[in-house]
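Report on one structure; see the data block that follows.
None of the figures in this text is laboratory data; all of them are computed from the coordinates on show. Please read these numbers as outputs of a predicted model, since none were measured by experiment. Here the Cβ positions follow ideal geometry from the backbone for every residue, glycine too, while neighbour counts run over all protein chains shown.
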Amino acid sequence: MKGYLATVRARFLLLLQYRAAALAGLFTQTFFGLVMVMVYGAFYRSSTAPQPMSYAQMVTYVWLGQSLFQLLPWGVDGEIAALIRGGNVAYELLRPLDLYGYWYARTMAQRTAPTLLRAAPMAAIALLFFGMRPPESLAGAAAFVAALAGALLLTCALNMIMTISMMWTLAGEGVMYFIGVVAMFCSGIILPLPLFPDWAQAALRALPFSAVYDAPFRLYIGMLPPEAVAGVLARQLAWTVALVLFGRFLLARGCRRLVVQGG
Amino acid sequence: MPQILVENLVKTFRVSERRAGAWGALRGLVHRRTREVRALDGISFALEAGELVGYIGPNGAGKSTTVKVLGGILVPEGGRCEIMGRVPWKQRVQHVAHIGVVFGQRTQLWWDLPVIESFELLRDIYRVPADRYAAMKEELTALLELAPLLDVPVRQLSLGQRMRCDLAASLLHAPLILFLDEPTIGLDAISKLAVRDFIKRLNRERGTTVILTTHDMDDIEALCSRVIVINEGRIFSDGTLADLRRAVGSRRRLVIDLEEEGEIADHEATVESREGSRVTLEFDPERVPAAALISRLTARYPVRDLFVENPPIEEIIARLYAEVRA
């Protein structure tokens, strides 16, 4: 375990140094958040039909998405990508560690460090100035935090599929953009999932992406009661287990067909 | 039971080829043409603990592939390999805990981190106990003169500095076997000497088995008691350096400085070259002992100085490669 933890720690500390990226991200997220709130706000004002979520809930949902933007499987760890492309993956296999676990640990750092850097300032700004609401209840807040932990495990498992796919398509960008776009659309970060038509919701809820954002967010804004966290966690864990098994299977195949680039 | 046993190892790569030009690229979208390259074609050898072996061959001979199979990175199609009783690719995690590997063309250090942090990460990854790590780090720092480098980020190191750090990094967990894949590539003369000295000491004092692939014949001459020559995935020869010399031709050279410029001739030696008053002769020690040739020549010609030399290893290898290719 120590080896994996040391990896997370080192990577995490390194990523925390990217303050300029965090600041730029904060600016971008503020911009997108404001645009979305304005667009959806216009729809709310122009419609007289009752909406599935209140205006305040919608606003909070949007800002949660912007705060936790980095949690989405949003690109392959550049370091691992370079390892595979350049052939340094050889050294990875020389470590007395399970390769999947080793890379999963790094992915974990890759997802948490930027999230921590950006989430707190973004949420603070949105809470103070842009109409984001605090959680409905203390129990709701606790449920939200628990569901976020589950979301982290799941998002890393998703991210690993993208990373491992690089062993087949060296450039990796193709799969990355594809999953990236699908993940954005299906997780609720572009349009909150509760605003989708009913028939689409069933399909979207069946996919793993909704468990990364939509489910924890609905716990936060109180659309799901706090006790629903058990079901959310169960779904997140089931998806995580399935994706980890699939990722391991892919990685084992990838290693067997490995051609170490550059002699 | 030898420490490393390799029997009849076979490894094939599929290389996809792209036809040249735009049309070729388009055709490649529909139909990929692949070619099989047999990187290892029945390699066998056995090494005892504490050996220092040179593993040489022309580019693309299969040297690095062998190292990667022995390191558990690549899975071969056929053959057997046991290292300290383990099959590298089957018991990879246990196996790699006891070996160290340096690929001269790559670094195993974390590019953005100071060297010392890479070392500490490796300490945790290999679960080296704190006291053993401290002792090892101190020893390696002294031997490889790393003290001024430890706090520098790896990307700022020169190639020679980086190689010294890489060597140290591969040894922090005190491996019993060390694989060095072209460790002196691109290094300047001083760095090469430092690396060689270090390898020699490691082998002598710790008894670490070292397998060294290189194109630098000085490395071989300075370090290796045994040389395995490989070409196109097959072992061409396996023996001592002297064996290798003998296999390729036993001719030796006699370099003579004459008192004044002049001709030299002998029926049992041929003139190789002539430069002012220096004449280089080649002879076959099997046919004429050096002592006999020397006394005959000194009696006949005004010799000021002379010495006998073996042909340099580069020449032997060049001749060997030519022979292998023929």
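The table below lists the values:
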item	result
In nm, spacing of pseudo-spin labels at A:Ala24 and A:Ser137 (7 Å Cα→C-beta vector)	4.4 nm
Ascending count of other beta-carbon atoms within 10 Å, so fewest first, for B:Phe103, A:Phe69	A:Phe69, B:Phe103
Radius ratio Rg over Rh of chain B, counting only Cα atoms, Kirkwood formula for Rh	1.07
Spacing of the two label points (7 Å from each Cα toward its C-beta) at A:Phe32 and A:Thr169, in nm	2.1 nm
Order of A:Ser210, A:Ser47 - criterion: other Cβ atoms within 10 Å of each residue's Cβ, fewest first	A:Ser47, A:Ser210
Proximal lysines relative to B:Lys192, as straight alpha-carbon distance under 21 Å, when same-chain residues fewer than 8 apart are discounted	B:Lys63, B:Lys200
Shape category assigned to the range B:205-326 from the gyration tensor of Cα positions, a/c cut at 1.5	prolate
Helix B:115-125 vs. chain B, principal-axis angle (Cα, 0 to 90°, nearest 10)	60 degrees
Length released on extending from B:Ala49 to B:Ala134, taking residue separation times 0.36 nm less the Cα-Cα span	28.0 nm
B:Ala189 paired with A:Ala200, simple spin-label distance in nm, labels 7 Å along Cα-to-beta-carbon	7.3 nm
Taking only Cα atoms of the range B:136-294, radius of gyration then Dmax in Å	21.7, 65
Cβ neighbours within 10 Å from other chains - mean over B:117-130	3
Residue mean of other protein chain beta carbons inside 10 Å, A:87-93	6
Leading residue at positive end of dipole, the range A:24-132 (Cβ point charges), from A:Leu93, A:Ala82, A:Phe32	A:Phe32
For the protein assembly as shown, radius of gyration divided by Kirkwood radius, i.e. Rg to Rh on alpha-carbons	1.14
Taking B:Cys224, A:Cys255 and counting other C-beta atoms within 10 Å, the order from fewest to most	A:Cys255, B:Cys224
Chain lengthening between B:Glu77 and B:Arg204 when straightened (0.36 nm per residue, less Cα-Cα)	42.2 nm
Antiparallel %, DSSP beta bridges [both residues in chain B], to 5	70 percent
Convex hull projection area averaged over all views, the range A:1-86, Cα basis, nm²	8.7 nm²
Stretchable slack from B:Val37 to B:Ser273, in nm (0.36 nm times residue separation minus alpha-carbon distance)	80.7 nm
Percent antiparallel among DSSP beta bridges (both partners in the range B:173-264, rounded to 5)	55 percent
Assigned charges on the beta-carbon of Lys, Arg, Asp, Glu; the range A:42-165 dipole about Cα centre (debye)	240 debye
Degrees separating the helix A:19-46 axis from the principal Cα axis of chain A, which is the longest one	40 degrees
With 5 Å bins from 0: P(r) over chain A, alpha-carbon pairs, percent	1, 6, 12, 16, 18, 16, 12, 8, 5, 3, 1, 0, 0, 0
Kirkwood hydrodynamic radius of the range A:29-130, Cα pairs, Å	16.5 Å
Helix A:229-256 axis, angle to chain A major axis (alpha carbon atoms, nearest 10°)	30 degrees
If the convex hull is drawn through the Cα atoms of the range B:97-144, its volume per residue in Å³	94 Å³
Euclidean distance between Cα centres, the range B:67-146 to the range A:1-69, Å	41 Å
